[in-house]
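First the structure, in the form of structure tokens, and then the observations on it.
No value in this document is a laboratory result; all are computed from the given coordinates. A quick note: this is a predicted structure, and the numbers were derived from the prediction, not measured. Here the Cβ positions follow ideal geometry from the backbone for every residue, glycine too, while neighbour counts run over all protein chains shown.
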Amino acid sequence: MSEETHGLRCMHCLISGRVQGVFFRARAKERATALHLHGYARNLPDGRVDVLACGTAQALADFKAWLRIGPAHAKVREIECVDRVFRAGEGFAIE
């Protein structure tokens, strides 16, 4: 599957701030599922949340906009995202 042919890609993001213990991963899964994205969200030992999401460019842009804000009790301080080569998958996991 080529990115050019199908318009699909992935992005890998690291989100810092008050993002653990505020349902960030659960809400990210809900948002990703609604946008038909697949990937994962997981907590890192340093307090950041690690997110990989794959799907259409528009869905990823919408998801990234949501990640900048997060759920109600989160305080996103910084988000760093890089593009990744598309990889097929199903669902969005909380790891």
With the 8 Å Cα cutoff and a minimum separation of six or more residues, the chain has a relative contact order in percent of 45
If the chain between Ala61 and Asn43 were fully extended at 0.36 nm per residue, the gain over the current Cα-Cα distance would be 4.3 nm
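Where the only charges are on Cβ atoms (+1 Lys, Arg; -1 Asp, Glu), what is the dipole of the chain about its Cα centre, to the nearest 20 debye?
380
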For the chain (alpha-carbon point model, no solvent) the Debye-based log₁₀ I(q)/I(0) at q = 0.17 Å⁻¹ works out to -0.64
Computed ³J(HN,Hα) along segment 20-25: with the Karplus parameters 6.51/-1.76/1.60, θ = phi - 60°, integer Hz and x for glycine or proline, the list is 10, x, 10, 6, 4, 5
CD proxy, 222 nm, the chain: helix-only mean residue ellipticity via -39,500 (n - 2.57) per DSSP H run with n ≥ 4, per residue, nearest 500, stands at -7500 deg cm²/dmol
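Which order results if Ile79, Ile15, Ile94 are arranged by neighbouring Cβ count within 10 Å, fewest first? Each step should come with its number before you reach the end.
Working: Ile79 19, Ile15 25, Ile94 12.
The most exposed by this proxy come first: Ile94, Ile79, Ile15.
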Extend 7 Å from the Cα of Glu90 along its Cα-to-C-beta direction; within segment 33-64, residues with backbone N under 17 Å of that point are 33-34, 36-40, 54-55
